[in-house]
Amino acid sequence: MDQVCPVTGARLDPATDYSDRTLIISGASRGIGHATVKRFHDAGWRVITISRRSFDKACPWEHGADNHVEIDLSDLVALAEGLAVLKRKLAGRPLTALVNNAGISPKGRDGERLGTVNTSLTKWQEVMTVNFFAPLLLARGLMRELRDGNGSIVNVTSIAGSRVHPFAGAAYATSKAALAALTREMANDFGPYGIRVNAIAPGEIDTAILSPGTEDLVEREIPMRRLGLPDEVASVIYALATDVGAYVSGAEIHINGGQHV
């Protein structure tokens, strides 16, 4: 059965050979990141994963351990060192897609939301480094490889970047709003080099890190009355990385069942 792009409705040709295409994705160990790895891997892409954790040997990806780079994105020195490792793994070959999925959202001592008054400056700096500066630095550091691959960058923002969210903290929300603005700026700056830059803004997605009370929010705020699935987010990322999204750049696509309306 033909696959259909969830954004445009266009049919994806299952016979297309993607064996020469490479994805680099941060935050790959769980949730949306893990589903995205599976989506691209199943389509025959080489997938290079970035995580602050070492490679999980239980993962079934072929050559997964060889294509994994352990980087703490909150540490700019470690990020610079990790970029050098990524470039060595690419070995001069083009990069087709970069997905900046890694993100952190600190909570209070009892799991409560942290606002502008009670978030320490240290936490603000950590969140901004991981959620905002790391995507910028990864994209700039891999710009030559992305140019050679007519590449696509997908930044993962959030519904919290455009409205006050009951669970996501102020630092997280601010970082995601900044990442949405950065996406537009990058689309303008990277476009002349043949590199497209877009963002996806997920809402409430059914992952292991859902906050207590999400069920009530689903019934109250989401027109579709259900959580999104990681696979549904991964499918949109995949569409933006392939020829289906060949003339889409500078966009932020909402994936939230209508929650933003």
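The values are calculated or read from the model by the stated rules, or taken from the named source; none is laboratory data. In this text, all values refer to a predicted model and were calculated from it rather than measured experimentally. With ideal geometry, Cβ positions are generated from the backbone for all residues, glycine too; neighbour counts draw on all protein chains shown. SASA here: full protein model, heavy atoms, side chains in, ligands and nucleic acids out. Shrake-Rupley method; radii C 1.70, N 1.55, O 1.52, S 1.80 Å.
Residues in the stretch 148-161 that are under 18 Å from Leu114 (Cα atoms) and open to solvent by 10 Å² or more (accessible area, probe 1.4 Å) were compared, and the one that is modelled with the highest pLDDT is Ser158. Of all residues in the stretch 106-130, those that are basic (Lys, Arg) and either over 30 Å from Gly82 (Cβ atoms) or touching a strand residue (DSSP E or B) at 6+ places or on another chain (Cβ under 6 Å) (or both) total 2. Being basic (Lys, Arg), surrounded by fewer than 19 Cβ atoms within 10 Å (Cβ to Cβ), over 15 Å from the mean Cα position of the chain (by Cα) and at pLDDT 95 or above holds for only one residue in Arg184, Arg225, and it is Arg184. Taken over the stretch 244-261, the residue count meeting the criterion of being in contact (Cβ under 8 Å) with a residue 60 or more places away in the chain and more than 17 Å from Pro192 (Cα to Cα) is 7. Can you confirm whether Thr36 is of a type in the set (Val, Ile, Thr), within 24 Å of Val233 (Cα to Cα), in a helix (DSSP H, G or I) and modelled with pLDDT of 95 or more? Yes. The set of residues from the stretch 76-90 being within 30 Å of Ser235 (Cβ to Cβ) and open to solvent by 40 Å² or more (accessible area, probe 1.4 Å) comprises Val85, Lys87, Lys89.
Only one residue in Val130, Val164 is out of contact with any Gly (no Cβ under 8 Å at 6 or more places or on another chain) and either open to solvent by less than 20 Å² (accessible area, probe 1.4 Å) or outside any helix (DSSP H, G or I) (or both). Which one? Result: Val164 is the single residue among Val130, Val164 that is out of contact with any Gly (no Cβ under 8 Å at 6 or more places or on another chain) and either open to solvent by less than 20 Å² (accessible area, probe 1.4 Å) or outside any helix (DSSP H, G or I) (or both). For Ile253, the stated conditions hold: it is β-branched (Val, Ile, Thr), open to solvent by 20 Å² or more (accessible area, probe 1.4 Å) and at pLDDT 95 or above.
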